[in-house]
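Working notes, structure below.
The values are calculated or read from the model by the stated rules, or taken from the named source; none is laboratory data. Just so it is clear, the model here is predicted, and its values are computed rather than measured. Note that each Cβ is placed from the backbone with ideal geometry, even for glycine, and that neighbours are counted across all protein chains shown.
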């Protein structure tokens, strides 16, 4: 799996969210650097698991749709 890359806008939003979470839940102020490091750690450790689960969920969804395909479009034969 290739490294998970975030757009600058998405990364900034997630860093801000982490800073807000730590401030409100733990009464701790995170610098941009510390929040960015936590985000990178989360992406490295949790990213592959979440990615693989998403792929499995999409596969199951598509397989269900393909199973329904015969019933939806199959023509009666004489």
Worksheet item: What number of residues within segment 32-51 are out of contact with any helix residue (DSSP H, G or I) (no Cβ under 7 Å at 6 or more places or on another chain) and touching a residue at least 12 places away in the same chain (Cβ under 8 Å)?
Response: 4
Discussion item. Please go through segment 1-31 and give me each residue that is surrounded by fewer than 12 Cβ atoms within 10 Å (Cβ to Cβ), modelled with pLDDT of 95 or more and touching a helix residue (DSSP H, G or I) at 6+ places or on another chain (Cβ under 7 Å), ordered by number.
Written reply: 28, 29
